[in-house]
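For reference, the structure is listed below as structure tokens.
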Amino acid sequence: MASLSEEIESVRLSADSALESVTTASALEAWRITHLGASGSLKSIMARLKDAPREEKPLLGKLLNELKQHLECEFETRKLLTAATLAEPSIDLTEPGERLGQGRRHILSRTIDEIVDVFGRMGFSVADGPEIEDEWHNFTALNIPEGHPARDATDNFYMGDEAGVKRLLRTQTSTVQIRAMESQPLPLKVVAVGRVYRPDTHDATHFSMFHQIEGLCIDRTLSMVDLKTALLQFARSYFGPEAEVRMRPSFFPFTEPSAEVDMKMHIRGQWQWVEIGGCGMVDPNVLTAVGIDPEQWRGYAFGLGIERIAMRRYGISDIRLLFENDARFLRQF
Ligand code: DAH
């Protein structure tokens, strides 16, 4: 019969070789029960120490202790390995899936699309211009001369010169009026939508970037009546047949006469006047700046704030919500 010390060695060998084929957490647990469990091979071989001859006990005790340490150490090592690389497949194909949130267009993008669509049906085509502009398009051609307070460094994001030309982030989409007149044949009927930038301190109604829609119409015979008709037609298509437009005399360097535009819109059960932008007849100086004869051509223009429209229409009280991209807010629209 094999001596106890040989049996200790054979327990070690068979435990080691069984561990070789363990590749899953459950197989490892089965191995632990077989070898380290309450009635496992280690416990039963240890129980036999008491029957060993007295003089062999110190050596056998030492061997058993080493076996115990060896098996425990092997188990711990294997456990780490199993957790890291040999884990059971973590995909349970029978588990109900997680619902993926359905994406949607940002409320501002949708508002822009809807507004452009209305103007498109009214015969306006879409014009475009850069967000980084030169002083000519942002100021000079728009009848805002050098030294005008609107050019102050504190009211503009200047970006430094390029080939001696001062650049800035455009403060208004009126720049696209100039670009359209420079590049397109007359008569002209365009809208331009886009971002504009002003160094405002952020609060509920101010943000350093926002959106405007600009309209420009140049033709032989145009008057304030055509301007008001266009704005009213837009208001009724967009806000509903009972919407109204009000003009209040104002001043803009690039229009004469100029007016602030209010629209009466239906907001949560009530019709309310909301100030949404400016408008006027294109100033002869602006036409002259781009080589159009003001004796032959006339124009009207308007610029409306997109955020203003969207915020009032959807009851959004803080402009910052539109740019924080918090899905909980955006999901509501
Ligand atoms: N550009 C003006 C602004 O940002 C708005 C504006 C006023 C645009 C009158 C126009 C206009 O086209 O005719 O405050």
**OP:** Report, by residue number, each residue of the range 1-59 that is outside any helix (DSSP H, G or I) and surrounded by 13 or more Cβ atoms within 10 Å (Cβ to Cβ).
**Re:** Val22, Thr23, Thr24, Gly37, Gly40, Ala52
Original post:
Which of (1) assigned to a loop (DSSP other than H, G, I, E, B); (2) more than 19 Å from Thr255 (Cβ to Cβ); (3) not acidic (Asp, Glu) does Pro145 not meet, given it meets every other one?
Top reply: (2)
Subject >> Filtered residue count, the range 239-255, keeping only those that are under 26 Å from Ala150 (Cβ atoms), touching a residue at least 24 places away in the same chain (Cβ under 8 Å) and touching a strand residue (DSSP E or B) at 6+ places or on another chain (Cβ under 6 Å) >> reply: 5
Original post:
Is it the case that some residue within the range 282-290 is surrounded by fewer than 20 Cβ atoms within 10 Å (Cβ to Cβ), at pLDDT 95 or above, closer than 30 Å to Ile144 by Cα and more than 16 Å from the ligand (Cβ to nearest atom)?
Top reply: yes
**OP:** Take the range 263-281 and flag every residue that is within 13 Å of the ligand (Cβ to nearest atom) and out of contact with any helix residue (DSSP H, G or I) (no Cβ under 7 Å at 6 or more places or on another chain).
**Re:** Glu275, Gly277, Gly278, Gly280
Original post:
When both residues are 6+ apart or on different chains and their Cβ atoms are under 9 Å apart, which pairs have a first residue that lies in the range 277-296 and is in a loop (DSSP other than H, G, I, E, B), and a second that is basic (Lys, Arg) and loosely packed, with under 14 Cβ neighbours inside 10 Å?
Top reply: Gln296/Arg220
**OP:** Test Arg195 against the stated conditions and say whether it is surrounded by 12 or more Cβ atoms within 10 Å (Cβ to Cβ), within 16 Å of the ligand (Cβ to nearest atom), of a type outside the set (S, T, N, Q) and in a strand (DSSP E or B).
**Re:** yes
Subject >> Count - residues of the range 212-237 that are within 11 Å of the ligand (Cβ to nearest atom) and part of a strand (DSSP E or B) >> reply: 6
Original post:
Ile115 versus (1) of a type in the set (A, V, I, L, M, F, W, C); (2) free of Cβ contacts under 8 Å to residues at least 60 places away in the same chain; (3) more than 30 Å from Ser21 (Cα to Cα): which is the lone unmet condition?
Top reply: (2)
Subject >> Selection from the range 157-207 of residues that are touching a residue at least 12 places away in the same chain (Cβ under 8 Å) and of a type in the set (S, T, N, Q) >> reply: Thr171, Gln172, Thr173, Ser174, Thr175, Gln177, Gln184, Thr205
**OP:** Please identify the pairs in which a residue from the range 34-63 that is of a type outside the set (A, V, I, L, M, F, W, C) has its Cβ atom under 8 Å from the Cβ atom of a residue that is exposed (fewer than 13 other Cβ atoms within 10 Å of the Cβ), counting only partners at least 6 apart or on another chain.
**Re:** Gly40/Ile33
**OP:** Go through (1) of a type in the set (Asp, Glu); (2) modelled with pLDDT under 95; (3) within 16 Å of the ligand (Cβ to nearest atom) one by one and return the number of the condition Asp326 breaks.
**Re:** (3)
**OP:** Could you check, for the range 145-168, whether at least one of its residues is of a type in the set (Asp, Glu), within 30 Å of Asp293 (Cβ to Cβ) and more than 16 Å from the ligand (Cβ to nearest atom)?
**Re:** yes
Original post:
Looking at the range 238-254, is at least one residue within 15 Å of the ligand (Cβ to nearest atom), among the acidic types (Asp, Glu) and either assigned to a strand (DSSP E or B) or surrounded by 14 or more Cβ atoms within 10 Å (Cβ to Cβ) (or both)?
Top reply: no
**OP:** List every residue pair whose Cβ atoms sit under 7 Å apart, with the two residues 6 or more apart in sequence or on different chains, where the first one lies in the range 300-320 and is in the same structural domain as Met209 (by TED's automatic domain parsing) and within 16 Å of the ligand (Cβ to nearest atom) and the second, anywhere, is at pLDDT 95 or above and of a type in the set (Ser, Thr, Tyr).
**Re:** Ala301/Thr255; Gly303/Thr173; Gly303/Ser174; Ile306/Thr111; Ile309/Thr111
Original post:
On the given criteria, is Asp262 in the same structural domain as Ile218 (by TED's automatic domain parsing), within 31 Å of the chain's Cα centre (by Cα) and among the acidic types (Asp, Glu)?
Top reply: yes
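The values are calculated or read from the model by the stated rules, or taken from the named source; none is laboratory data. The structure displayed is predicted, hence computed values, not measured ones. Don't worry about glycine lacking a Cβ; one is built from the backbone with ideal geometry, like all the others, and counts go over all protein chains shown.
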